[in-house]
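Note sheet for the following structure.
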Amino acid sequence: MNLQTSVKSGFQNYANFKGRSSRSAYWWFILFTQIVQIITQSLVSSIGAVISLGFFIPIVSVSARRLHDIGRSAKWLILPVASLVGALLAIMGLLMQTAQSFANFNFDDLFNGGMQVWVWLFVGFLISAFISSIVNFVFTLMPSDAGINKYGPPEPPVFLTLQ
């Protein structure tokens with residue numbers, strides 16, 4: 001699949017989380033969206049932010065279809081996000097406990113066991129987000145299932161005609 005066909009397919013299936021998407025269709029679409037985001041961010045950052053927000057659903061849907069293409073569930077996309085949310089909650093807990101220690105003028109509690117738990121939770125969630133992101137990246141690099149899997153048949157081949 002070429003760039004034009006994959007971009008067209010990506011936007012035609014804007015919010016289609018069913019079916020399959022080939023490796024080339026996925027990577028061409030990701031390349032296109034990243035180039036557009038970089039150009040718009042460099043020109044006018046507010047327009048770039050709107051463009052990035054507009055690309056969010058198509059990128060998630062093509063990622064879900066890419067995982068379906070190798071026989072994996074789209075639930076794998078949730079792992080890095082859930083880990084980052086956990087890290088954010090751990091930071092909030094750490095900040096709240098720090099604020100409470102300062103409010104009570106109890107500076108001895110700053111580095112006691114309670115604070116260490118929040119720090120370890122934060123580090124653990126970050127490691128989990130990093131590992132699950134790598135796993136998802138490796139999944140996008142894997143070759144497609146040749147036959148029909150539980151998500152449907154593979155995409156039909158696209159033949160280029162020379163004129």
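The values are calculated or read from the model by the stated rules, or taken from the named source; none is laboratory data. Bear in mind that the values here come from a model prediction, so they are computed numbers and not experimental data. Counting neighbours? That spans all protein chains shown, and the Cβs are built from the backbone with ideal geometry, glycine included.
Contact list please: Cβ distance under 7 Å, first residue in region 13-33 and modelled with pLDDT of 90 or more, second residue part of a helix (DSSP H, G or I) and hydroxyl-bearing (Ser, Thr, Tyr), pairs at least six apart or on different chains. Every condition considered, the pairs that remain are PHE17/SER61; SER24/SER6; ALA25/SER6; ALA25/SER9; TYR26/THR140; TRP28/SER6; PHE29/SER6.
Taken together, VAL7, VAL36 contain a single residue that is over 26 Å from SER128 (Cβ atoms) and in contact with a Phe, Trp or Tyr (Cβ under 6 Å, 6 or more places away or on another chain), which is VAL7. Within region 4-19, can you find the residues that are outside any helix (DSSP H, G or I) and closer than 13 Å to VAL60 by Cα? Matches in region 4-19: ASN13, TYR14, ALA15, ASN16, PHE17, LYS18. Of the residues that make up region 32-47, is at least one under 20 Å from PHE139 (Cβ atoms), surrounded by 16 or more Cβ atoms within 10 Å (Cβ to Cβ) and not aromatic (Phe, Trp, Tyr)? Within region 32-47 (the criterion being under 20 Å from PHE139 (Cβ atoms), surrounded by 16 or more Cβ atoms within 10 Å (Cβ to Cβ) and not aromatic (Phe, Trp, Tyr)), the answer is yes, since at least one residue qualifies. Of the numbered criteria (1) part of a helix (DSSP H, G or I); (2) under 24 Å from SER144 (Cα atoms), the one MET1 fails is (1).
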